[in-house]
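Structure first, commentary second.
The values are calculated or read from the model by the stated rules, or taken from the named source; none is laboratory data. Remember, it's a predicted structure, so these values are computed and weren't measured experimentally. Note that each Cβ is placed from the backbone with ideal geometry, even for glycine, and that neighbours are counted across all protein chains shown.
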Amino acid sequence: MNENGSVPSQWQKKWQEHGFKEPTAIQKALYQPILAGEDVIAISPTGTGKTVAYTLPILEGIEAIPKLQWLVLAPSHELVMQITEVIRSFLPTGLSVLAIIGGANVKRQIEKLKKKPQIIVASSGRASELIKQKKIKLHEVKTITLDECDQLLKQENMAEVMAIVQGAMRDRQLILVSATKLEEPERIFAQTGKSQITIEMGEEENEHGKVEHLFMEVENRDKATLLRRLEHVNGIRALVFVRDKPRMDILLEKLAYDGVKAAGIHGEIRKETRKKTLQAFKKGDLHFLIVTDLAARGLDIPHLPYVIHYDMAGSEKEYIHRSGRTGRMGEDGIVISFVNKREMRTLKQYVKSSGKKVQQIRFYQGELVKTDER
């Protein structure tokens, strides 16, 4: 944003077309450093507009000439497509963006690369494959963005991602974006010889809506029955997190038997089925969308009122990522965890570390009723 925090004049028309109002804290904080070519680590909660925050200042430096100048890497197909849509919606005339994901027809992707897009958004695996085949050339790339870099820089992905980063110009700009703190961010900058700045925003600074953190005590065998009962809550529309696909399959089978309006999204689902399922959920035709953590990465569901942790998150980071799906861009939201007595202690630790309180609720006469404050 401008020095005074307002939207630069060249973006104001598109900003209004998107229905955006005041820029978020991370959007204000990132604009000038990225515009100045700084290497940046940006940490801000899910749903605070990070994609727009880095897209606008980078687009200012892209030239309308046929060569690749900006490469974005993301850990999931859904996130690649979501980022591509955001970038495309702000593209000035003469610029093009291409999404590259694994599982798609590689020959078709190579044909599209011949048109020399200025921007590529890619999953790291397919990007690496096409770089090795010399179909994506990194020597002219000015900026590399690693979105959800906490996932990209996990041990199993680190070597592949580092090889891509090191394949570009030594003085290229590097931007790391995450919803949670990174464990060793200096590792990826160690060989660049450049200094980087870290911009970290908490939920308070990003003007999140009011998000309530609640829990319901329930044994594992009774969770499906409880979820079925919650379908009667007025206005229920929830993203429901389960541990893995086998758990999802069992739950969906039980819900289907009871006539509950629910569907699931996982890595093996066909693209068209995924799209239809998402549309049905967004329209309210489905009350529950069952997902695993991996399948939920990159899902963009505006105005989501509920997140339900059907299975407890495996870490505090995971809890934050899941819960951040509601209460986005200033809206209110409710997060409900299904827990037994042992899991209750873990939940309290997750919530306490982020400075929040968690309250117990129960289902009573078609409503969620708070009991004691924990």
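At-a-glance table
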| quantity | calculated |
| --- | --- |
| Filtered residues of region 234-282 (kept if outside any helix (DSSP H, G or I), touching a residue at least 40 places away in the same chain (Cβ under 8 Å) and more than 29 Å from Gln365 (Cβ to Cβ)) | Arg243, Asp244 |
| Any chance Ile120 is β-branched (Val, Ile, Thr), under 19 Å from Thr55 (Cα atoms), modelled with pLDDT of 90 or more and touching a Ser or Thr at 6+ places or on another chain (Cβ under 8 Å) | no |
| Members of region 345-369 found to be closer than 20 Å to Leu230 by Cα and touching a residue at least 24 places away in the same chain (Cβ under 8 Å), listed by number | Val358, Gln359, Gln360, Ile361, Arg362, Phe363, Gly366, Glu367, Leu368 |
| Given (1) surrounded by fewer than 19 Cβ atoms within 10 Å (Cβ to Cβ); (2) touching a Ser or Thr at 6+ places or on another chain (Cβ under 8 Å), number of the condition Arg325 does not satisfy | (1) |
| Criterion (under 20 Å from Lys271 (Cα atoms) and crowded, with 22+ Cβ neighbours inside 10 Å) met by exactly one of Ile120, Ile87, Ile136, Ile100 | Ile100 |
| Selected residue (criterion: nearest to Ala263 (Cα to Cα)) from residues of region 216-232 that are basic (Lys, Arg) and free of Cβ contacts under 8 Å to residues at least 60 places away in the same chain | Arg228 |
| Residues of region 62-120 that turn out to be without any contact (Cβ under 8 Å) to a residue 40 or more places away in the chain and either touching a strand residue (DSSP E or B) at 6+ places or on another chain (Cβ under 6 Å) or of a type in the set (A, V, I, L, M) (or both), as a count | 18 |
| Residue satisfying condition, being within 30 Å of Glu367 (Cβ to Cβ), of a type outside the set (D, E, K, R), at pLDDT below 80 and assigned to a loop (DSSP other than H, G, I, E, B), within set Gly193, Gly209 | Gly209 |
| Those residues of region 314-328 which are part of a helix (DSSP H, G or I), closer than 21 Å to Ile236 by Cβ and at pLDDT below 85, in sequence order | Arg328 |
| Single residue of region 253-272 satisfying the filter (β-branched (Val, Ile, Thr) and buried (at least 19 other Cβ atoms within 10 Å of the Cβ)) that is farthest from the chain's Cα centre (by Cα) | Val260 |
